[in-house]
Amino acid sequence: MSARDRILTKLRGSQPAQPDPLPDLAAHYAPRARGEAKAARLARFRTGIEGFHAEVHVSSEADWPALLARLCADKQVGTLMFGANTPAGRRLAEAGCDATTLRPWAGQFEDIKADLFHRVDAGFTQARGAIAETGSLILWSSADEPRSLSLVPPIHFALLDAATIHPTFYDALVSENWAAGLPTNALLISGPSKTADIQQTLAYGAHGPKELVVLVINAEGDAQ
């Protein structure tokens with residue numbers, strides 16, 4: 001018997017007769033359930049993500065395009081790239097963005113890479129949802145809204161519906177039935193890009209956007 005066979009035989013012999021049962025995730029997360037209303041989940045999410053240096057602005061379904069236009073003007077965004085074939089993208093294209101040029105994502109990444117890295121000031125995406133516990137956005141990238149929109153431009157604007165804020169990541173997985181199918185990329189974003197060198201000097205924007213700006217649509221129209 002070779003050394004390899006002896007090792008494999010020993011490993012097989014050490015396996016338990018019955019595998020350990022899978023953990024009961026529902027029981028694990030049950031004590032953390034808060035039974036919060038939407039307003040409480042929004043407040044927790046906002047506290048968490050603002051703690052990681054993101055901006056949060058609450059608006060209404062009717063007013064968020066105008067809010068985005070004002071924020072782009074304040075931040076001197078010359079060109080905003082967005083997915084034109086999404087519900088939010090169609091609404092944005094219809095509303096316009098004042099002095100900011102709206103550029104739809106079109107073509108292959110290699111064809112627009114130079115512009116994306118050097119001439120696009122901000123990217124705009126829709127968030128699938130968010131997690132109150134960690135202050136995180138949930139983004140599912142697609143051909144209409146590639147992950148590059150949220151990862152490359154210096155500023156990332158994300159549109160979030162307050163009704164899609166989940167208490168925990170587990171709640172998001174279960175309520176949205178992620179087990180039934182996932183995209184190529186599922187992103188959890190809790191703030192702008194940041195890193196630190198060996199001297200622990202924190203820098204923003206080294207590996208992605210320097211700014212993360214979240215526009216939250218509140219069904220009650222509570223703009224604040």
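Some observations on this one:
- Residue ranges of helices (runs of 4 or more DSSP H) in the stretch 1-68 with at least 3 members modelled with pLDDT under 90: 3-14, 25-29
- Residues being under 30 Å from ARG32 (Cα atoms) and crowded, with 23+ Cβ neighbours inside 10 Å - total across the stretch 139-154: 1
- Residues in the stretch 136-185 that are aliphatic (A, V, I, L, M) and either part of a helix (DSSP H, G or I) or more than 23 Å from HIS53 (Cβ to Cβ) (or both): ALA143, LEU149, LEU151, ALA162, ALA163, ALA172, LEU173, VAL174, ALA179, ALA180, LEU182.
- Residue list for the stretch 20-79, restricted to those being touching an Asp or Glu at 6+ places or on another chain (Cβ under 8 Å) and aromatic (Phe, Trp, Tyr): TYR29
- One residue from PHE117, PHE124 being under 21 Å from HIS207 (Cα atoms), in a helix (DSSP H, G or I) and either of a type in the set (A, V, I, L, M, F, W, C) or open to solvent by less than 60 Å² (accessible area, probe 1.4 Å) (or both): PHE117
For (1) open to solvent by less than 40 Å² (accessible area, probe 1.4 Å); (2) not aromatic (Phe, Trp, Tyr), each residue gets a yes or a no:
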site	(1), (2)
PRO167	no, yes
TYR170	no, no
SER175	no, yes
ALA179	no, yes
LEU182	no, yes
ALA186	no, yes
ALA196	no, yes
GLN199	no, yes
PRO209	yes, yes
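- Taking the criterion of being out of contact with any Ser or Thr (no Cβ under 8 Å at 6 or more places or on another chain), among the small types (Gly, Ala, Ser) and open to solvent by less than 10 Å² (accessible area, probe 1.4 Å), the only residue of the stretch 155-165 that qualifies is ALA162.
The values are calculated or read from the model by the stated rules, or taken from the named source; none is laboratory data. What you see is a predicted model, and the numbers here were worked out from it, not measured in a lab. Cβ sites come from the backbone with ideal geometry, for glycine too, and all protein chains shown count toward neighbours. These accessible areas exclude ligands, DNA and RNA; they are computed on the full protein's heavy atoms, side chains included. Shrake-Rupley method; radii C 1.70, N 1.55, O 1.52, S 1.80 Å.
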